[in-house]
Structures are given as structure tokens and as C-alpha cells.
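Any read-out appearing in this document is the output of simple, stated calculations on the displayed coordinates, not a laboratory observation. All figures in this text were calculated on a predicted structure; none of them were measured in a lab. Cβ: placed from backbone, ideal geometry, glycine included. Neighbour counts: every protein chain shown.
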Amino acid sequence: MKFEDLLNKVADLPCFTTIFLAAGRNLAQIRLQLNRWVKGGRLIKLHKGLYTLAEPYRKIKPEPFCIANGLKSASYVSLQSALAWYSLIPEFVPVITSVTTGRPQTIETPMGRFDFRHINRSFFWGYQQVELTAGQAAFIARPEKALIDLVYLTPRGDKEEFIEELRIQNLKQIDKAILREFAEKTQSPKLKRALKNIESIIDRGEGVEI
């Protein structure tokens, strides 16, 4: 494969896999050629089998959430990363955190650090595909599910003190009916306890008497 052929295939993609390029080709030869282009500064290797174009060859700047999805196929961005993206918490979150049905893992790449937290398959729902920029979309937890994931995966995350420390803002983005539906769907006693504390904080923020 010539580099010009590669550009025609992937110039509009945030990242791509070896398997994507190998259809009908010799996989070993593709890997060898990719390694040469990495050494030559034309490609950036993000992780085993995952690459992105280096400057100045790329047409788009890869979105970190798209890279997160690419690093683990059975995953979606959640927890503090999703909450910050929705402007529900004020803190800047430098590490992209996702949940996955696979094993938990932290992956360091030339384009940042990506954390993956494990959840059971029965919890793998409540996310949506969101267009981030033209031509780039990623799977991200809905606001309510990002909050539920965080509470569920954090020791003592159901406690009012922990939820208060999140300093949840822009409360109108949280649909209380959906939050309640999601919490009940999990059938988790921890999340049922957390729901009362979250609803209390939301009601106080909205000026509702409780």
C-alpha cells in the first residue's frame, strides 16, 4: 500500500485500525508498512492496532472521545468525563474515563490518558451516539446515566457528602423522571439510596421545598 492510498482511506477518520486496512490484503505486510510510517513520523500509534495520522497529513483533529471509543469497542464515555462535557460539574477533567464490559485498564497514548472502568453487561445501556464535530461522533452516556455510573462505581458514592462534593450545576439538563427510571432499572439498593440524595440536591438547586 502506498501512503497516498492510505490517505484516501483514512484522512477523514479520527483513528483507524489495522484490521480496517487489511481487508483483502496481507495483514503482516500492512503491519510492517504501518510501523515504517510511524517511525517516519507520518502516523501516530495510539495503541496496539490503532493509529491516527500525524500532522500535517490529517484533515481533522481527532476528538478524544472518538479515540476512547476506538481504544475499546465495547465502551462509552461516562463518569466525570461525560458530566464535564455536559457542563454538569465545574472541574476540568484531563483524563478521559469510559465504562466497558471488558477488563478495566488505563491506556497511555501520545494523545492523552484513557481510563476504562468495568461494568457488568446488565449495566451497559443509557448511552447515545453524539456528533462532536462534522464527521466525528462518539458514544457518550446520557447525563443521568453518567451520574448513575459514577455513583455506582465509587465507594460510598451514594452518600450525600459525595454527591454534594460533585457541585452539580446546570440542573435542568438532568431529567428527574429518567434519572429515577434508570436508578430503578439497575435494581441496586445503593443507587436507590443515592437517588433520594440526588433528588434532594436537585430540588434545593431548583428552589423546590422538600
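Things to note:
- Euclidean distance between Cα centres, the range 136-183 to the range 23-75, Å: 33
- In percent, rounded to a whole number, the relative contact order of the range 70-205 is 23, using alpha-carbon pairs under 8 Å and six or more apart.
- Distance between the pseudo-spin-label points of residue 57 and residue 26 (7 Å out from Cα toward the beta carbon): 2.0 nm.
- The chain: angle of helix 176-186 to the longest principal axis, Cα-based, in degrees nearest 10: 80
- Taking each DSSP H run with n ≥ 4 as -39500 (n - 2.57) and averaging over every residue of the chain yields -11500 deg cm²/dmol at 222 nm.
- Beta bridge orientation in the chain: antiparallel %, DSSP, nearest 5: 75
- C-alpha long axis of helix 27-39 to longest principal axis of the chain, angle in °: 80
- Ranked 50, 150, criterion: other C-beta atoms within 10 Å, fewest first: 50, 150
- Model label zone, residue 7; criterion: amide N under 14 Å from point 7 Å along Cα-to-beta-carbon; scope the range 37-51: 42-43
- Sorted by Cβ density within 10 Å, fewest first, the residues 4, 199, 184: 4, 184, 199
- Exposure proxy order (Cβ contacts within 10 Å, fewest to most) of 178, 96, 67: 178, 67, 96
- Evaluating kT/(6 pi eta Rh) at 4 °C and 1.567 mPa s, with the Kirkwood radius of the chain over Cα pairs in the Stokes-Einstein relation, gives 69 µm² s⁻¹.
- Net charge dipole, the range 70-205: roughly 380 debye, given to the nearest 20, about the Cα centre with Cβ charges of +1 for Lys and Arg and -1 for Asp and Glu.
- Helix 143-153 axis versus longest C-alpha principal axis of the chain: approximately 90°, rounded to the nearest ten.
- Förster-model FRET efficiency, 22 Å R0, residue 124 and residue 177, C-beta, rounded to 0.05: 0.50
- As a length-normalised measure over Cα pairs under 8 Å and 6 or more apart, the relative contact order of the range 3-53 settles at 39 percent.
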